[in-house]
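Presented below is the structure to which this report refers.
The values are calculated or read from the model by the stated rules, or taken from the named source; none is laboratory data. Keep in mind the model is a prediction, meaning the values are calculated, not measured. All Cβ positions, even for glycine, are placed from backbone atoms using ideal geometry, and neighbour counts span all protein chains on display. With ligands, DNA and RNA removed, areas are computed over all heavy atoms of the protein, side chains included. Shrake-Rupley method; radii C 1.70, N 1.55, O 1.52, S 1.80 Å.
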Amino acid sequence: MASPLALLLWTAMLALCTARGIAADLSSSTCLIYSPSMNTSIAASPLTYFRTIVTSGPTAYNYSVFGAPPTGQLGEATTAAEALRFRATAATFAALQGAFVSLLGSGNFSIEQWSDFQTLLQSNTGGASPPYSLPFWEDDTFFGFTRKSVAAQYLAQAQTLPFNLTDSDVSSILGNETLESALQSGRLFVEDLSYPSVLPSAFFRPNRTAVGVVALFFLNDQGDLLPIAIQVAGSAGIWTPKDAPFDWLLAKLYANTASFYLEQTDHFVRTHLVPSSMRIAASNRLFTSHPVRLIVDHYTSGDWGPVAAGLQIVFQGNGGDYYWPYNQNGTLAILGMLVRNYNWTTDDLELNIAARGLTSLPKYPYLDDLRKHNAAISNFTDAYVGLYYQNDADVQMDRELQAWAREIASSTPVKGFPSSISSKGELSGILTHFIRLVSVEHHLTNTYAIYNVYTTPFANRFMTAPPPTSRGTVTAQTILKYVPTSPQDLVGLFGTAAPYRVMLAPGDTIMGALQTFQVEPCATAAVEAYLQALAVIESDISAREANATYPFPLAKPSILPYRSFI
């Protein structure tokens, strides 16, 4: 039986809420949040207790990137549970690698010429179908297409020529255009991957190479992005399609290797460190039933393991970094560069695309799909926020929400995040950005993208020799000098990619997880409308893919994971 004091407090609180016209009505379409008029002494004690005893976050790993790590009983329990899940995933990976490891370790299969990679991938992918890029990976048009699909972060419209080039070098591609006219008409694009050139040699692992690369592309009349020249640092100079076929192919492999490493490190910052900072702040500042906490927890439910594992690799130099060209110091240098350069405001989808001059780039499935998902997410978060906040003043007076924003704004990876949230629209935009990062952008550059496009030898974790300093020396046999071919390397490179095609359960997809998303009853209509929007996206992508020259099905909601994982 409740005590007289408790009944008195409850009666007073209910009367206060009723006086403001927001009494609890389970049949109402509006959800209730902590009223700004609520007597703070009623909520202060349990909230203080909750945040002292049950805050979330792993303490077993070095979280200095975030600042001081959160602690608490729930944090330890959460870490332990997710560590078990992470180890189970690792065990699945190991099991799927078994036949592949046996094949390479038995000596019955070896890479002796370029075509052997095709044989390996067609028949030994841990139970998965071969990568969809396999028939196209030597095509120049597909090389350009990857910059409009999975490798989309560092392409930009060229403002000047990035290196010395003459019209005669590229005349067979430009048609009636000259380099100058193509530049003035906005048809030249550049991918600047020169970052390895600034790192000292001491930052590289023995027999591991990555060099600075700058690639120049031309947008032809069909809307295809064609590579016309690639500058490979330390090589014979500028490579073009006029070079010998394997010379040109090797230049593209160096470009893809540089792209792969930078894209994956960038994805770790944008889709792991940033959302995890937001989750830690939510665990510290938002009560478990807070509507924003429900969203954040749902979409980062499995991210402690990958972030912890990633930081363990970075800070402790554990075995996973063997498969990268850089040692611990090199990885820290690049990670630090990306963390320093990240800004939440400029990471806005449309601002980012406009800043790189890509707003009107045709045949751009990465942007097309992101825009569709972003619109669906935005409609969902608008409806969701509107259920809990009647006006902007409600947002401004939500003390927990404002404390959450202040903590995120002060964290190292999330520069540019607002220190206060002033309106319903701003809160909806923040949640849209957050959900898009973890449930869409992560998986368009990681997960299935790794297996289907970032596949050795098309895109390697590292190269095994410096680029050639003379032309015409690369053949179907000698190209193997530059790419990983040893059983140990191939097990690691292929083995970490193939299981992605078979490990994802239906409940891990963006559509499947929404069907079990634990929201309040008043929010189920918003979730249902989001599911309907996702069904339209599924249909749109299926229709496009039915007639596509090159596949890019990764944003289909039926296969898109709802949360980021390693």
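Numbers for the structure displayed
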{"quantity": "Thr516, Thr288, reordered so the largest accessible area comes first (probe 1.4 Å)", "calculated": "Thr516, Thr288"}
{"quantity": "The stretch 396-480: Rg to Rh, with Rh as the Kirkwood radius over Cα pairs", "calculated": "1.31"}
{"quantity": "Apportionment of accessible area to carbon and sulfur, the stretch 110-211, percent (1.4 Å)", "calculated": "48"}
{"quantity": "Peptides ranked, highest mean first, by Cβ atoms within 10 Å: ranges 523-532, 552-561, 402-411", "calculated": "552-561, 402-411, 523-532"}
{"quantity": "Near-label residues of the stretch 186-213 by backbone N, under 18 Å of a point 7 Å along Cα→Cβ of Ala355", "calculated": "190-195"}
{"quantity": "Residue pairs, from the table Lys242/Lys363; Lys424/Lys556; Lys363/Lys415; Lys148/Lys252; Lys252/Lys363; Lys148/Lys424, whose Cα atoms sit over 23 Å apart", "calculated": "Lys242/Lys363; Lys424/Lys556; Lys363/Lys415; Lys148/Lys424"}
{"quantity": "Ala546-Asn379 pseudo-label distance in nm [points 7 Å out on the Cα-to-Cβ vector]", "calculated": "2.2"}
{"quantity": "Residues of the stretch 195-304: accessible area per residue with a 1.4 Å probe, Å²", "calculated": "25"}
{"quantity": "Rounded to the nearest 10 Å², the accessible area of Ser420 at probe 1.4 Å", "calculated": "60"}
{"quantity": "Net length gained if the chain between Ala465 and Glu520 were fully extended (0.36 nm per residue, minus Cα distance)", "calculated": "14.1 nm"}
{"quantity": "Accessible area, probe 1.4 Å, largest first, for residues Lys372, Lys242, Lys252", "calculated": "Lys242, Lys372, Lys252"}
{"quantity": "For the stretch 331-473, fraction of C-alpha pairs farther apart than 25 Å, in %", "calculated": "46"}
{"quantity": "Part-to-part distance (alpha-carbon centres) for the stretch 248-279 and the stretch 421-482, which is given in Å", "calculated": "5"}
{"quantity": "Two-decimal ratio, the stretch 328-403, of alpha-carbon radius of gyration to 2.2 N^0.38 Å", "calculated": "1.57"}
{"quantity": "Kirkwood hydrodynamic radius of the stretch 154-287, Cα pairs, Å", "calculated": "16.9"}
{"quantity": "Solvent-accessible heavy-atom area per residue, rounded to whole Å², over the stretch 334-452 at 1.4 Å", "calculated": "33"}
